[in-house]
Amino acid sequence: METLNDQPAGAGPAQPGSGAALARSVGGAALIGYALLLATLSWLLSEGRLGVDAALLWLAGGSMLAGALYLLAATKAQRARAAPPLWLLLAVFIGARLIVGVAPPMLETDFYRYMWDGGVTVAGLNPYMHTPNDAMLAAHEPGDPIGEIARRGESVLERVNHPHLTTIYPPVAQAAFAAAHLIDPFGVAGLRAVFLLADLCTLALLLKLLGVLGLPRSQILWYAWNPLLLREVYSSVHMDILLLPLIALAILAVAAKRRTIGAACCVVASAIKVWPVLLVPVLLRPLAPPLGRLIFAGAACAALALVLWSPVLLVEHASDSGFVAYGKGWQNNDGFFRAGIWATERMLALTGHELWRSHTIMRIVSVSLVASVVAWCSWKSPRGARETARSCLIVVAAVFLLSPTQFPWYWLWLLPLLTLTPFIPLLLYTALLPLYYAQDQIPFVHWIQHAPVWALLAIAWLRRRPGGPRPTKEAEHA
């Protein structure tokens with residue numbers, strides 16, 4: 001994997017110049033301008049002065065432009081090893097978030113589930129036992145605890161999507177929702193406050209990591225001024241930001257030669273979103289030999305997982321389980337999975353089998369491929385923190401690229417690792433994924449989003465093959 005911090009042999013440190021200063025100015029101004037666009041669209045929509053279709057097109061176009069400017073500015077700044085002053089970095093970082101954070105959430109509804117779950121958890125009830133529909137029915141029954149919460153949070157409850165399903169958000173995420181509810185009961189300000197705290201922690205940890213790993217501080221721009229993060233966390237109010245400090249902390253633990261602690265961080269993160277558990281074998285594999293040390297660390301992580309997941313494991317999951325429904329049927333904005341469905345349906349048609357089997361087949365294929373990537377990265381047994389970060393990036397990229405759900409906010413999972421290991425094919429998604437917002441208005445939008453990334457990944461793979469064309473010095477920095 002050729003990244004922007006790979007240097008050709010004999011290369012000395014780059015010197016910042018006026019071009020780098022201009023790039024920093026463009027990057028900061030672009031993020032502030034994008035924040036103003038998001039806030040303006042939010043207010044216009046909430047006041048009924050702009051239609052949804054027009055807002056989606058403005059959002060897609062403005063987000064793609066902001067993504068392109070971000071890529072140009074951050075790439076130029078890193079090549080010149082020119083980080084902005086800390087005060088400017090933080091001013092843009094916080095200023096953009098405050099601008100968006102005072103506007104109403106825009107064009108998403110997931111946060112209503114967060115607010116509802118937070119209210120249920122604070123009341124001492126298990127959110128995995130009751131669907132929102134159950135709560136609505138109980139609202140008419142005096143003395144029912146879930147009904148009492150339903151009456152207090154009625155305006156939120158009636159907006160929760162998929163109300164026939166129990167929540168799909170794991171227990172540590174529920175703790176964050178509960179904290180947000182304590183700050184602002186059934187309000188979005190509490191969520192944004194909790195997310196900002198996670199955001200600031202991630203920024204601080206990444207700055208620390210760049211210093212520990214001897215990487216240029218200019219790489220922090222990949223995280224701090226990323227427009228996709230601004231949109232998905234503060235405008236859409238998606239909870240994936242909660243993962244990011246734990247991923248950064250896991251790599252920091254590896255750098256401190258505390259791999260078991262790093263793996264434990266990933267276990268905790270897996271109780272926010274399930275996939276970080278796949279990083280555990282990558283982090284623990286270098287502990288062997290001796291085998292006993294690896295077994296002990298693995299057992300400790302398994303015990304921690306059982307404790308964290310106990311609120312879910314103690315509930316009998318039926319047809320209304322959000323976890324079951326998500327695993328079986330969710331599909332949206334995918335590239336590889338969609339192409340696989342297309343190819344599999346044609347093979348099934350030729351053999352006379354039902355076409356619906358293509359989804360099951362592709363889920364098996366995707367899971368098998370991800371498992372193979374995890375096994376390969378673990379077998380490589382990365383020793384140093386930089387090498388571990390690269391291996392973890394490969395695993396997370398595989399999870400995202402092969403998933404049947406490639407929402408723009410899911411891409412944020414890669415961002416801390418891309419800050420440490422900048423890789424242009426994956427960073428390109430910052431400018432391409434906003435097309436998701438216009439998927440009902442632009443034909444072939446899924447292929448436009450994913451095809452350029454897969455093409456660049458194929459080129460990068462061919463260059464790495466023995467006997468394949470070697471990159472030029474310029475390409476090694478791209």
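The values are calculated or read from the model by the stated rules, or taken from the named source; none is laboratory data. Model, not experiment: these values are computed from the prediction. Cβ placement follows ideal geometry from the backbone for every residue including glycine, while neighbour counts extend to all protein chains displayed.
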- Residues located in the stretch 155-204, provided they are without any contact (Cβ under 8 Å) to a residue 60 or more places away in the chain and over 16 Å from TRP116 (Cα atoms): ALA193, PHE195, LEU197, ALA198, LEU200, CYS201, ALA204
- Message: Just to verify a result, which residue in the stretch 77-92, among those that are buried (at least 20 other Cβ atoms within 10 Å of the Cβ) and either without any contact (Cβ under 8 Å) to a residue 60 or more places away in the chain or out of contact with any Ser or Thr (no Cβ under 6 Å at 6 or more places or on another chain) (or both), is farthest from VAL233 (Cα to Cα)?
- Response: ALA80
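Which of the helices (runs of 4 or more DSSP H) found entirely inside the stretch 241-349 contain at least 2 residues meeting this: β-branched (Val, Ile, Thr) and either touching a strand residue (DSSP E or B) at 6+ places or on another chain (Cβ under 9 Å) or farther than 19 Å from SER378 by Cα (or both)?
By residue number, 291-313.
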- Message: Of everything in the stretch 131-157, what is under 25 Å from VAL100 (Cα atoms) and either in contact with a helix residue (DSSP H, G or I) (Cβ under 7 Å, 6 or more places away or on another chain) or assigned to a loop (DSSP other than H, G, I, E, B) (or both)? Give them in sequence order.
- Response: GLY153, VAL156, LEU157
- Task: Answer yes if at least one residue in the stretch 113-128 is within 27 Å of the chain's Cα centre (by Cα), surrounded by 20 or more Cβ atoms within 10 Å (Cβ to Cβ) and polar (S, T, N, Q), and no otherwise.
- Result: yes
- Message: Test of understanding: among GLY322, GLY327, which residue is crowded, with 17+ Cβ neighbours inside 10 Å and either at pLDDT below 95 or hydroxyl-bearing (Ser, Thr, Tyr) (or both)?
- Response: GLY322
- Out of LEU221, LEU200, LEU230, LEU182, report the one residue that is more than 21 Å from LEU107 (Cα to Cα) and in contact with a Leu (Cβ under 8 Å, 6 or more places away or on another chain). LEU221
- Note on the structure: The number of residues in the stretch 260-283 that are free of Cβ contacts under 8 Å to residues at least 60 places away in the same chain and surrounded by fewer than 24 Cβ atoms within 10 Å (Cβ to Cβ) is 4
- Query: Of the conditions (1) more than 22 Å from the chain's Cα centre (by Cα); (2) buried (at least 21 other Cβ atoms within 10 Å of the Cβ); (3) among the polar types (S, T, N, Q), SER310 fails just one. Which one is it?
  - Reply: (2)
- Query: Name the pairs: first residue in the stretch 34-48 and of a type in the set (S, T, N, Q), second residue surrounded by 21 or more Cβ atoms within 10 Å (Cβ to Cβ) and part of a helix (DSSP H, G or I), Cβ to Cβ under 8 Å, at least 6 apart or on different chains?
  - Reply: SER42/VAL100; SER42/SER235
